[in-house]
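Enquirer: Can you read through this structure? Questions will come right after.
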Amino acid sequence: MTSPALTKQSLGTGYVVATGVVISGALLAHGMSLVRPSPIDVVILSVGLTPALALVAANYWLPVSGLSGDQIWTAAEWCGLGIALFTLIKIVVLLAPVPQSSMVPSILASGVAVGGFGGILFGWLLELRRSRRRLAQSNEVLFRVLRHDLRNDLNVALGHLGELQRETAERGDPKSRAHVEQLNDTIDDIIDTTEKARQIEFAFDADRRAQQPIDLVPCVREQAKKITQSYPETTVDLDLPDQSKVYADWMLDVVLQNVIENAVVHCEATPTLYVSVEEHSRTVFVHIGDNCPSIPQHEQEVLDSGAETQLRHSKGVGLWLTTWIVESYGGAVHLTTSDDGNVVTLELCGPTVIDEIRQTLREWP
């Protein structure tokens with residue numbers, strides 16, 4: 001049996017935990033040596049023990065803090081820098097010609113604990129900021145590639161495919177024609193995915209979108225009309241109030257379109273949708289039910305956990321995009337399945353009292 005290899009993550013975490021154990025032991029030993037600790041003694045020990053025990057607990061929180069192994073090692077280096085700084089202060093205090101008291105060791109040990117915890121906290125925040133900056137840059141590159149480079153190449157491929165399609169039609173080869181049509185549909189699907197990439201970029205940029213109270217009902221009716229025009233065999237039953245305002249923006253149409261279209265496309269029978277809207281206090285629920293096969297359990301788990309793996313992944317980005325947009329509104333997406341079909345529930349926030357006052361002032365004559 002081979003021993004686990006040492007990594008920068010394990011070394012960095014081990015250093016931080018060991019530091020916390022040593023400082024905690026020193027503080028506890030000094031506290032037990034005091035016969036009658038005063039309230040000030042207890043406060044000083046508590047101030048030191050709190051960050052020291054936090055360093056000990058780094059064995060649990062540091063590996064799940066969102067940092068990579070190299071970043072955890074860097075954070076541990078910042079911890080060491082903080083300890084070195086307060087150790088230098090300790091030396092200065094010991095050399096200074098000031099009266100020494102019995103609590104000087106605790107004060108110094110507490111200072112070292114605060115320095116170590118402050119150092120690792122600063123390092124963690126610094127590395128987390130660096131990770132977010134790298135993630136933003138990688139997302140920007142990815143979105144640009146999907147929106148422009150890949151889309152342009154696919155449009156060129158479609159042009160050549162059109163020529164091939166005409167030649168195949170002239171030769172009258174049904175097998176070749178089927179392959180060409182399948183390839184054309186596949187490229188169209190990829191182009192549609194690149195369009196969703198642009199929408200995902202907008203979904204993550206909620207702060208720059210002008211959200212305001214809008215009437216949900218006309219949006220639902222419009223998307224129901226569009227789906228029946230695109231898929232005439234689809235039946236959509238609506239149960240809507242006269243008006244229902246939610247706090248959203250233009251991407252609400254994208255949400256409704258994704259959910260409704262996803263239900264129709266994946267339906268094996270004649271699609272029948274049931275769309276209803278209900279309000280509870282200042283929360284609006286949009287229920288979109290279908291008669292489609294149950295959404296696979298692994299897709300529900302992916303959306304619930306918010307992470308994809310090689311073994312469990314969603315078939316498309318439609319439900320992801322829907323979830324991200326709704327969450328940017330402060331809402332949530334819920335999935336329920338049964339033998340009769342699926343129900344996607346969009347939980348949206350209604351307008352606040354301030355929004356209603358603003359709207360009243362706008363309509364004031």
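Enquirer: Using a Förster distance of 35 angstrom, determine the FRET efficiency expected from the C-beta separation of E268 and S10, and round it to 0.05.
Expert: Efficiency for this residue pair is about 0.10.
Enquirer: Sequence-distant or interchain residues sharing an amide H contact under 5 Å with V236, placed H: which?
Expert: The answer is L273.
Enquirer: D339 to T235: FRET efficiency via 1/(1 + (r/R0)^6), r the Cβ-Cβ distance, R0 22 Å, to the nearest 0.05?
Expert: Calculated transfer efficiency: 0.65.
Enquirer: Additional query: Could you tell me what fraction of 2.2 N^0.38 Å the Cα radius of gyration of region 8-135 comes to, as a two-decimal ratio?
Expert: Normalised by 2.2 N^0.38 Å, the Cα Rg of region 8-135 equals 1.15.
Enquirer: Using a 1.4 angstrom probe on the protein heavy atoms only, could you order F122, F86 from most to least accessible area? Display every interim value, and only then the final one.
Expert: Details: F122 105, F86 70 Å².
Largest accessible area first, the residues go F122, F86.
Enquirer: Another question, if that's okay. With a 1.4 Å probe and all protein chains kept in place, how much accessible area does S10 have, in Å² rounded to the nearest 10?
Expert: The accessible area comes out at roughly 50 Å².
Enquirer: Now a separate question. Pop the C-beta distance of N152 and R130 into the FRET formula with R0 = 41 Å and round what comes out to the nearest 0.05.
Expert: So the FRET efficiency works out to roughly 0.80.
Enquirer: Leaving ligands, DNA and RNA out of it, work out the accessible area of R177 with a 1.4 Å probe and give it in Å² to the nearest 10.
Expert: 80
Enquirer: Hey, quick one: spin label on D189, modelled 7 Å out along Cα-Cβ, who in region 317-339 has an amide N within reach, i.e. under 17 Å?
Expert: Output list for this probe position: 317-320.
Enquirer: Given a 1.4 angstrom probe, what's the average accessible area per residue across region 8-135, in square angstrom? Don't jump to the answer; show the numbers that get you there.
Expert: On the way: 7260 Å² over 128 residues.
Dividing the accessible area of region 8-135 by its residue count gives 57 Å².
Enquirer: Extending each Cα 7 Å along its Cβ direction at L28 and D242, get the distance between those two points in nm, one decimal.
Expert: 7.0
Enquirer: At 1.4 Å probe size, put D189, D41 in order of accessible surface, largest to smallest. Working shown, then result.
Expert: Details: D189 100, D41 20 Å².
Of D189, D41, the descending order of accessible area is D189, D41.
Enquirer: Right, another one. Carbon-plus-sulfur fraction of the accessible area of region 8-135, 1.4 Å probe, in percent?
Expert: 74
Enquirer: Any idea how far apart E279 and T87 come out in nm if each label point goes 7 Å out from Cα toward Cβ?
Expert: 6.5
Enquirer: Moving on. How much length would be gained if the chain were fully extended between K175 and A57, taking 0.36 nm per residue of separation minus their Cα-Cα distance, in nm to one decimal?
Expert: Here the answer is 36.0 nm.
Enquirer: Using a 1.4 Å probe on the protein heavy atoms only, what accessible surface does I120 show? Give it in Å² to the nearest 10.
Expert: 0
Enquirer: Here is a further query. Could you sort K225, K175, K245 by accessible area so the largest value comes first, with the probe set to 1.4 Å?
Expert: Largest to smallest exposure gives the sequence K175, K225, K245.
Enquirer: Then there is this: Among the listed pairs K8/K196; K175/K225; K225/K245; K175/K196, which have their C-alpha atoms separated by more than 28 angstrom in this model? Before the final figure, lay out the partial values.
Expert: Working: K8/K196 38 Å; K175/K225 36 Å; K225/K245 20 Å; K175/K196 32 Å.
Those over the limit are K8/K196; K175/K225; K175/K196.
The values are calculated or read from the model by the stated rules, or taken from the named source; none is laboratory data. Model, not experiment: these values are computed from the prediction. All Cβ positions, glycine included, derive from the backbone under ideal geometry; neighbour counts span all protein chains shown. Note: accessible area is taken over every heavy atom of the protein model, side chains too, but ligands, DNA and RNA are not part of it. Shrake-Rupley method; radii C 1.70, N 1.55, O 1.52, S 1.80 Å.
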